Each structure stands twice: as C-alpha cells, then as structure tokens.
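The values are calculated or read from the model by the stated rules, or taken from the named source; none is laboratory data. From a predicted model like this one, the values you see are computed outputs, not experimental measurements. Cβ sites come from the backbone with ideal geometry, for glycine too, and all protein chains shown count toward neighbours.
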Amino acid sequence: MPQHTYILFYKPFQVLSQFSEEGDKKTLAHFFPNIEKNIYPVGRLDYDSEGLLLLTNDKKINHQLLDPKQAHQRTYYVQVEGTPTPESLIQLAQGVSISINGAIHKTSPAKASLIPEPQHLPERNPPIRFRKNIPTAWIALTLTEGKNRQVRKMTAAVGFPTLRLIRYSIGQMEIGKMNSGDAIALDQTQLALLFQKTKA
C-alpha cells in the first residue's frame, strides 16, 4: 500500500494556498521547496487569511473534509471592526444572505460567539492598522461549509467587517502552540482529530 503523508501547516498572512507561482506572491513552495509533487493542500485559505491548512497526497481526505454532506466543522477566530451585538451573533448562527459568484446564497447554520482577544496567537506581519476611535472585537465562528470568502462576507452582512481571519481548528485539531509558518507531520491519532466535531 502506498504511504500517505499528512502535514498540518499554519499558513501565514499573504501566502497563496498553492505551489504554483503567481506574480511575486509567496506560495506554499516558499515553505516546502522539496516536497513531493503529489502533495497538495486540501481546500484553501485566502491570501489574506491565516491558519490551519492540511497538505496530503491522500485523495480520500478531500472528499471527507470538503464534501458539504459531511457537515465537517472548521472554526475561525475573526477580529472584526466594531463590537457585535447579540442580535448580530444570532444572525450569523442562523444564516445570512451573501453573494457567491453573483448569486444569493443563504449560509448554513453556524456557531457564533464573542471571545476574549486570543493571547496565544502570533502577531500578524504586517499588523492590523490600529484606529484609536474604532473598537475591535473577536468572534469564534464554526462553519460546516466553505464558500469563497464566506467568513468575510458573513461578518460584513451583519455590519462588522473582518480585519483579521484565522482558521483556528479543523474538527478538533487546533493551532495550539503553533506559530505562523510552522508545519507538523500528523500521526494517525492526530489525523483522527480532524474528523471529530468541535466541542459545544
């Protein structure tokens, strides 16, 4: 049986979730210059988003993690402009209407809550532009779907634009003490955590 590789990578800000070059932007090849050619990212994180990205040569994982029917959970820590109201969090949880490829899409039910500013996350480079007169807050948002720029569109739809976006966990596999740019090879126990639902 062929050996499969599973790598969990903390994708930094302003890095493309691909190995192929695109202008002068950093790509995954910058961090994995000698990786096997058959290893690819599962799904993607936007250029201006950060956090967990799985790299593997196991094609079955794509279906298990990305098929909407699997209702697979991913939790994002989102720094937003302003202080979300209880009503806006309920809206996010129940689903909001966003535009996907020119069509209106009602997002699936989610989990949304205000959280304290995370203390263990690395500083973003470059940092968020600080504006003294405009407060910011952090939301934990757990989704089971991954439309293009969905989190940013969701928070904008309820009046709180996203400033910083971090995919904090896939299933129950969390960033923990990883720093931006870190990569770890997953064993079977850690791999299983990717498919477990997050705790309530």
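For this structure, a couple of remarks:
- Test: residue in the range 82-89 that is in a helix (DSSP H, G or I) and free of Cβ contacts under 8 Å to residues at least 24 places away in the same chain: yes
- Residue among LEU163, LEU194 that alone is surrounded by 13 or more Cβ atoms within 10 Å (Cβ to Cβ), under 30 Å from HIS4 (Cβ atoms) and either in contact (Cβ under 8 Å) with a residue 60 or more places away in the chain or under 14 Å from the mean Cα position of the chain (by Cα) (or both): LEU194
- If the condition is being more than 11 Å from the chain's Cα centre (by Cα) and not in a helix (DSSP H, G or I), then the range 146-157 contributes LYS147, ASN148.
- Exclusive hit being among the charged types (D, E, K, R), over 22 Å from ILE166 (Cβ atoms) and surrounded by 14 or more Cβ atoms within 10 Å (Cβ to Cβ), set ASP24, ASP58, ASP46: ASP58
- Qualifying residue in the range 107-115 (condition: in a helix (DSSP H, G or I), out of contact with any Pro (no Cβ under 8 Å at 6 or more places or on another chain) and polar (S, T, N, Q)): no
- Pick from the range 175-200, criterion in a strand (DSSP E or B) and not β-branched (Val, Ile, Thr), ranking: farthest from PRO84 (Cα to Cα): ALA185
- Contact map, the range 19-45: first residue closer than 16 Å to ASN57 by Cα, second residue acidic (Asp, Glu), Cβ cut-off under 9 Å, separation 6 or more or different chains; pairs are ALA29/GLU21; VAL42/ASP58.
- Of all the listed residues (GLN79, GLN73, GLN91, GLN64), the sole one being modelled with pLDDT of 95 or more, under 17 Å from the mean Cα position of the chain (by Cα) and not β-branched (Val, Ile, Thr) is GLN79.
- Checked against the criterion of being in the same structural domain as ILE134 (by TED's automatic domain parsing), of a type in the set (Lys, Arg) and part of a strand (DSSP E or B), the range 26-45 has no qualifying residue.
- Scanning the range 170-187 for residues that are touching a strand residue (DSSP E or B) at 6+ places or on another chain (Cβ under 9 Å) and of a type outside the set (A, V, I, L, M), we see that the one that is surrounded by the fewest Cβ atoms within 10 Å (Cβ to Cβ) is ASP187.
- The set of residues in the range 155-174 being at pLDDT 95 or above, farther than 13 Å from GLU81 by Cα and of a type in the set (A, V, I, L, M, F, W, C) consists of ILE166 alone.
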